[in-house]
1. Cβ-Cβ distance below 8 Å, separation of 6 or more or different chains: which pairs start in the stretch 48-60 with a residue that is farther than 12 Å from Phe89 by Cβ and among the small types (Gly, Ala, Ser) and end on one that is open to solvent by 50 Å² or more (accessible area, probe 1.4 Å) and assigned to a loop (DSSP other than H, G, I, E, B)?
2. Look through Phe76, Phe95, Phe64 and report the one residue that is at pLDDT below 95 and either touching a Phe, Trp or Tyr at 6+ places or on another chain (Cβ under 9 Å) or of a type in the set (Ser, Thr, Tyr) (or both).
3. Which residue out of Arg148, Arg117 is in contact (Cβ under 8 Å) with a residue 60 or more places away in the chain, closer than 21 Å to Ala2 by Cα and either of a type in the set (Val, Ile, Thr) or open to solvent by 70 Å² or more (accessible area, probe 1.4 Å) (or both)?
4. Return a yes/no flag: does the stretch 28-40 have any residue that is within 21 Å of Ala129 (Cα to Cα) and not in a helix (DSSP H, G or I).
5. Could you list all residues from the stretch 55-82 that are open to solvent by 30 Å² or more (accessible area, probe 1.4 Å) and either in contact with a helix residue (DSSP H, G or I) (Cβ under 8 Å, 6 or more places away or on another chain) or over 20 Å from Ala120 (Cα atoms) (or both)?
6. Of all residues in the stretch 1-21, which are of a type outside the set (A, V, I, L, M, F, W, C) and surrounded by fewer than 15 Cβ atoms within 10 Å (Cβ to Cβ)?
Amino acid sequence: MAETAFVIEPGRQDIVMVRHFDAPPDVVFRVVTDPELIPRWWGPHVLATRVDRMEVRPGGRWRFVNIDAHGREYGFCGVYHDVVAPERFVRTWEFEGMPGEVALETVTLAAAGGGTRYTAQSVHQSVEARDAVVRGDAARGGTEAMDRLAALLADR
C-alpha cells in the first residue's frame, strides 16, 4: 500500500499531505466529493462519520460530524470556494471545537504513475494554529483516512 507523506515545516502555517492512489483522477474526484461515500473513508477508523451537508460548488457549504464510541460528536465545516472537476477543489476547513481557527484547504488531483497524486495543502491563520492541529494528531487521522480512501478506491 502507498504511504501518506506529510510536509510540516517549523515556522510555517501550512500542512501538506500527499498520497498516490491506483485510480484515475476522475474516479478519485467522484469518490472524495460523493456525500454517500464520505462516511466510508473520512476521518480515523475509530470514528463514525455523518455528512450533514455537502454542496460541492463554489459558495457551497459542507459539514461532517465524527462520532466516537461514546456518542460524542466532533463537527467540521466550511465553504467551497473553487471546484474544478476532476482537478481540484478549494474550501475552508474549521474544527467546531476550535471556533474561529479557519484553514484554507486546496486538494489537487493529478494523473501520475498510472493513478492519481492527491495533494492536500491546508494553510492555517497562524503558525500557532497550525501547530495546535499538528499536536491534535492530524497526521495519524489523515493517514488513517487516506488508507481508508485507498481501500475504497481499490473496490471500485
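1. none
2. Phe95
3. Criteria check complete, one pass: Arg117.
4. Checking the stretch 28-40: not a single residue is within 21 Å of Ala129 (Cα to Cα) and not in a helix (DSSP H, G or I).
5. Listed by number, the residues that qualify are Ile67, Ala69, His70, Gly71, Arg72, Glu73, Tyr74.
6. Glu3, Glu9, Pro10, Gly11, Arg12
The values are calculated or read from the model by the stated rules, or taken from the named source; none is laboratory data. Computed from a predicted model, the values in this text were never measured in an experiment. Note: ideal-geometry Cβ built from the backbone for every residue, glycine included; neighbour counts use all protein chains shown. The accessibility values were calculated without ligands, DNA or RNA, using every heavy atom of the protein model including side chains. Shrake-Rupley method; radii C 1.70, N 1.55, O 1.52, S 1.80 Å.
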